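The values are calculated or read from the model by the stated rules, or taken from the named source; none is laboratory data. Everything numeric in this text was worked out from a predicted model, so none of it was measured. Reconstructed Cβ throughout: ideal geometry from the backbone, glycine too, with neighbour counts over all protein chains shown.
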Amino acid sequence: MTNVKTLQKQLEEVTNNWKRALADYQNLEKRVKAEKEDFARFANKELILKLLPVLDTFEKLEEHLKDEGLALALCQFRDILKSEGLEKIEVEGRDFNPEEM
């Protein structure tokens, strides 16, 4: 009888260890997924920061040229930036709000 109890106890320990290992693995998968998402966001941020001066240049050019093709390209450029979560904030005549910036 003691041999059966010993085996049951060992089985219970192995089962508990297996459950813990499975939970650890699932947590690792979640953490890796979150890190990949963070990396993608950071990479997008760096690219957007490089593109903003180009956007400024195109906007200045549009003011002077009034070209339909340029306006269309600029609209597409803004749409792409908007799809990445970047939107123009109108600040003229408004109080500074750090939560918007």
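Data table
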| item | result |
| --- | --- |
| Out of K19, K30, sole residue that is modelled with pLDDT of 95 or more and under 28 Å from G85 (Cα atoms) | K30 |
| Candidate set from the range 13-65 (those that are acidic (D, E) and within 15 Å of R78 (Cα to Cα)); member that is surrounded by the fewest Cβ atoms within 10 Å (Cβ to Cβ) | D56 |
| Pair list, Cβ under 7 Å, 6 or more apart: the range 45-60 residue under 13 Å from I80 (Cα atoms), other residue charged (D, E, K, R) and modelled with pLDDT under 90 | I48/E84 |
